[in-house]
Every structure is written in structure tokens, then in C-alpha cells.
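Trainee: This structure is in C-alpha cells; I'll ask about it shortly.
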Amino acid sequence: MTYILKPKFHHPDLPKNKLGFTHRDYEGSVSTLCAGCGHDSISSAIIQACFELDLPPHRVAKMSGIGCSSKTPTYFLGQSHGFNSVHGRMPTVATGASLANRDLIYLGVSGDGDSASIGLGHFAHCLRRGVKMVYIVENNGVYGLTKGQFSATADAGSTSKKGVGNTDEPIDLVSMAILLGATYVGRGFSGDKEQLVPLIKGAILHRGIAFLDVISPCVAFNNHPGSTKSFDYVREHNDAVNKLDVMIPREAITAEYEPGTVVDVTQHDGSTIRLRKLEEAYDPTDKLAAMAYIQERHHAGEVVTGLLHIRHDSGDLNDRMNTVEVPLNSLGEAELCPGGAAIDAINAGLR
Ligand SMILES: Cc1ncc(C[n+]2csc(CCOP(=O)(O)OP(=O)(O)O)c2C)c(N)n1
Ligand code: SF4
Ligand SMILES: [Mg+2]
């Protein structure tokens, strides 16, 4: 169906952002996913977040692996760069791209099979290195593309559509992300755009690795009673710890919440993340407490969502490796071949 071009006509009164773009300018090709797939709602949330942040599409690079989830970058930001890589290798390809050009905004999309099975090592090293990117896992607990086998994030005790029980313990990607040192970690639900759009906006503005685990039900293979990744289960067991607003520097910060229930976190670019606490005791800057809370609620059958962990003093791999400010492909002969005297000076410094 991808040969059907989506008409570009739109109503002349559609709202425009600061760049003069409408929402439609951030869309991609027509989706070929199953009708009702959670992944399509995540694409729509990404489109809304990029539109609201006034992102120039040419400054974004979409990275993905293999799976229904990894197909989705075709369906948003049709005017951005894109690289659909190999199964599980998205984080590694993104690491290389980010080191070669620190100027782009990297938006990685992966699946639970892609990141928690074949790509688990790649996921882990990307997070511990703090690659400057947004890393989204569209988590449905199954390999959707290959017809619904349990993935490594399926909960022990959940049943397949045909009634077979999963006996293996799940990998909890948000707990792993916090443990590995990710500096912005959130969990969302494809069925809750009001929470998901600000989570994505905050992730894009974050300096460092921003990881989002988004529960995204697979309507074809994992949306039945007995599944803990179904729309009904997540709606009934959703424990949102905070509500998020993202304010970019030009926006006035208004005090609209009760004192004592609000935490403001200022990011490197001056943007402010305002968290309205729903769970009084939850502090996303306390790494150990956050991990304990997520595990405790998981054992009680709850799905904790919201901004789960953030570090104010985040940095990224480019900072630590002191990479050049400009893309590598723009370096000329003078920078790449500084001449014999410079080499002699380096050698002398090593003696
Ligand atoms: C090296 C390799 N091994 C296995 C496959 C087969 N395969 C394709 S997609 C996929 C799993 C996709 O699951 P997930 O990442 O959860 O994405 P979803 O389709 O659920 O969104 C597998 C095992 C492959 N394409 N390449
Ligand atoms: S098989 Fe599942 S994950 Fe894939 S498009 Fe259909 S509903 Fe979505
Ligand atoms: Mg999956």
C-alpha cells in the first residue's frame, strides 16, 4: 500500500508553528500497520511533539531497527533524515552517527524484541555511554512482525492469544535504563497522548540519553484478557507518578499548581520541566528510590508511568569524548592533515 501517495492538501486555516509549518508537514507516508496498533498513536504523539517544539525537520535523524515498531519512522517526519538499520542494532548505528555529527537530533525507535532480545547488549552500551539521543521502545510484549511470539518484556504469568502461559521473568527496560545511567527515563502508554507528548518533548530537549518505554498494545497478537500489555490491562493498572509540562525558554512559567506538589527541573537549554506530583513521595531525581518504587509496584501488578528519573547534571558522550563541534564530513584538509610540526609536537608529548 505504500505506493499510494498521501494527498498534501490541507485546510488553509490549519494552525502553523513558528517555522510556518502545519502538523501535516511533520507527517510521513500512510501507515501500513494493523488498524488500532498502538505504534500508530506513538507516531502521532511524535508528530505533535515535533510540531509544538518548532523542530526544523531537516535537523532530525530517525534511526530504527527491525519490527513493526521499527517501520514506524516511515510514517512520521517524512522530510527528516532516516536510517532503518539491522535487527537490534539501532542504538549502535545511532552512536556512530551521533559521534560523526553532533549537530542533529537523533530520534531512535525500537521494539521490545529489537531492544530487549537480540539488541540487549547494544541497548545497554548506548545507555551507559550516554549517547545524545531520544531512544523510544514501542513495547507490546511480543514480536508483532513475526506473528506474536512472546518477547523478553512479556510478564511471567501473562498468556498468549491461544492461552499458552509465559513462565519467564520479564526484562524491565526502565529499571535497566536507570541502572545503566540514563539521565532521562520515562514510561508512557500509547493510549495516553496527554502524558506521552510532554514526555517526548522533554526527551527531545534533554542533553544526554533520554529513554522512553512506551507500552503499545499489539491488537493482532497481544490485546486479549490474560495479557498484561493490552489496552484494558494498562488502563486498569496505570500508576502515574507525575504529570508533566514542558516549557521552552520563550514561554512564561506560570504557577498553576498547589505549592508543595510541583517540582521544576531546568534543562541545559533553559527549558523547564514542571512535574506535578501525583505520588507525593515520588522523587525522580532519587535513582535508588525510583528503582525500588518501580519494582515494588511491578510486583503488585501495577504499571508505573510518567517521568521516572531525571538528572539535572546530565552530559553526553560527545562532551566526554570532546568531539568536534562540526560534522566530520565538513572537516577540510587543513584540519585533517595539520602537518609534520603538529605530529612532532604530539609525539614529543608522548615521550
Ligand atoms: C537478525 C534477525 N533475526 C531475526 C529476525 C526476525 N525478526 C524480525 S522482526 C522480529 C521481532 C520484532 O519484534 P519487536 O522488536 O518487538 O517489534 P514489533 O514488531 O513487536 O513492533 C524478529 C525476531 C530478523 N529480521 N533479523
Ligand atoms: S502485528 Fe501487532 S505490532 Fe504489528 S502492526 Fe499489527 S498490531 Fe501493530
Ligand atoms: Mg514488540
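Trainee: Under the rule a/c < 1.5 gives rounded, and otherwise a/b versus b/c splits prolate from oblate, where does the chain land using the Cα gyration tensor?
Mentor: Numbers: a/c = 1.38, a/b = 1.34, b/c = 1.03.
The shape class here is rounded.
Trainee: Return the calculated 222 nm mean residue ellipticity for the chain, to the nearest 500 deg cm²/dmol, obtained by summing -39500 (n - 2.57) across DSSP H runs with n ≥ 4 and dividing by the residue count.
Mentor: -8000 deg cm²/dmol
Trainee: I'd like the orientation of helix 340-350 relative to the chain: the angle between its Cα long axis and the longest Cα principal axis, in ° from 0 to 90, rounded to 10.
Mentor: Around 70 degrees separate the two axes.
Trainee: Then there is this: Under 5 Å between amide H atoms, partner at least 5 residues away or on a different chain: which partners does residue 83 have, H built in plane at 1.01 Å?
Mentor: When sequence neighbours closer than 5 places are left aside, the close amide H contacts are 62, 63, 64.
Trainee: What list of ³J(HN,Hα) values in whole Hz, one per residue of region 153-166 in order, does the Karplus curve 6.51 cos²θ - 1.76 cosθ + 1.60 (θ = phi - 60°) give from phi, with Gly and Pro shown as x?
Mentor: Once rounded to whole Hz, the list reads 9, 5, 6, 4, x, 6, 10, 7, 4, 8, x, 6, x, 8.
Trainee: Helix 287-299 sits at what angle to the longest principal axis of the chain, using alpha carbons and giving 0 to 90 degrees rounded to 10?
Mentor: With rounding to tens, the tilt is 30 degrees.
Trainee: Could you pull out every residue, at least 5 positions away or on a different chain, whose amide H is within less than 5 Å of the one on residue 142? Hs are placed 1.01 Å off N in the peptide plane, and Pro or chain starts have none.
Mentor: Placed amide hydrogens put 151 under 5 Å from residue 142.
Trainee: What's the extension gain from residue 11 to residue 156 if we count 0.36 nm per residue and subtract their Cα-Cα distance? Write out the running numbers ahead of the final one.
Mentor: Numbers: separation 145, 0.36 × 145 = 52.20 nm, distance 4.88 nm.
Extending this stretch completely gives an extra 47.3 nm.
Trainee: Turning to a different aspect of this structure: Please list 150, 211 in order of solvent-accessible area, largest first, computed with a 1.4 Å probe with all protein chains present. Mind dumping the intermediate values first?
Mentor: Details: 150 55, 211 0 Å².
Largest accessible area first, the residues go 150, 211.
Trainee: Within region 4-43, list the residues whose amide N lies under 11 Å from a label point set 7 Å along Cα→Cβ of residue 59.
Mentor: 19
Trainee: Report the antiparallel proportion of the DSSP beta bridges in region 60-150 as a percent, rounded to a multiple of 5. Please list the in-between numbers first.
Mentor: On the way: 2 of 16 bridges.
Of the beta bridges lying entirely in region 60-150, close to 10 percent run antiparallel.
Trainee: Now for a different question. In whole Hz, what ³J(HN,Hα) sequence does region 36-41 give by Karplus (6.51, -1.76, 1.60; θ = phi - 60°), x for Gly and Pro?
Mentor: My calculation for region 36-41 gives x, 4, x, 4, 5, 5 Hz in order.
Trainee: Next question, about the same structure. Please list, in order, the residues from region 266-285 whose amide nitrogen is less than 19 Å from a point placed 7 Å along the Cα→Cβ vector of residue 295.
Mentor: 282-285
Trainee: Further, regarding this structure: Please list, ordered by chain and number, the residues whose modelled amide H lies under 5 Å from the amide H of residue 308; skip anything fewer than 5 residues away on the same chain.
Mentor: It is 185, 186, 187, by chain and number.
Trainee: List the lysines whose Cα lies under 18 Å from the Cα of residue 71, skipping any in the same chain that are fewer than 8 positions away.
Mentor: 6, 62, 147
Trainee: Let me ask something additional. Could you go through region 76-87 in sequence order and give the Karplus-derived ³J(HN,Hα) for each residue, using 6.51 cos²θ - 1.76 cosθ + 1.60 with θ = phi - 60°, rounded to whole Hz, and x for Gly and Pro?
Mentor: Per-residue couplings from phi come out as 9, 6, x, 9, 9, 6, x, 9, 9, 8, 9, 3 Hz.
Trainee: Given 0.36 nm per residue, what is the gain on full extension from residue 319 to residue 168 after removing their alpha carbon distance, in nm? Before the final figure, lay out the partial values.
Mentor: Details: separation 151, 0.36 × 151 = 54.36 nm, distance 3.93 nm.
Roughly 50.4 nm would be gained on extension.
Trainee: For region 1-115, what % of the accessible area comes from carbon and sulfur atoms, probe 1.4 Å? It would help to have the intermediate numbers written out before the result.
Mentor: Numbers: 3170 of 5140 Å².
Percent of accessible area from carbon and sulfur atoms in region 1-115: 62.
Trainee: Output the 0 to 90 degree angle, nearest 10, between the alpha-carbon long axis of helix 193-205 and the longest principal axis computed from the alpha carbons of the chain.
Mentor: Long axis of 193-205 versus the principal axis of the chain: about 20 degrees.
Trainee: May I ask you to compute the full-extension gain from residue 334 to residue 120, defined as 0.36 nm times their residue separation minus their alpha-carbon distance, rounded to one decimal in nm?
Mentor: Working: separation 214, 0.36 × 214 = 77.04 nm, distance 4.06 nm.
Additional length available on full extension: 73.0 nm.
Trainee: Follow-up. If each of residue 35 and residue 262 carries a label point 7 Å out from its Cα toward its Cβ, how far apart are those two points in nm?
Mentor: Spacing of the two 7 Å Cα→Cβ label points: 4.4 nm.
The values are calculated or read from the model by the stated rules, or taken from the named source; none is laboratory data. Note that the structure is a prediction, hence the values are computed from the model and not measured. Cβ: placed from backbone, ideal geometry, glycine included. Neighbour counts: every protein chain shown. Ligands, DNA and RNA are stripped out before the accessible areas are found, and what is left, the full protein with its side chains, is counted by its heavy atoms. Shrake-Rupley method; radii C 1.70, N 1.55, O 1.52, S 1.80 Å.
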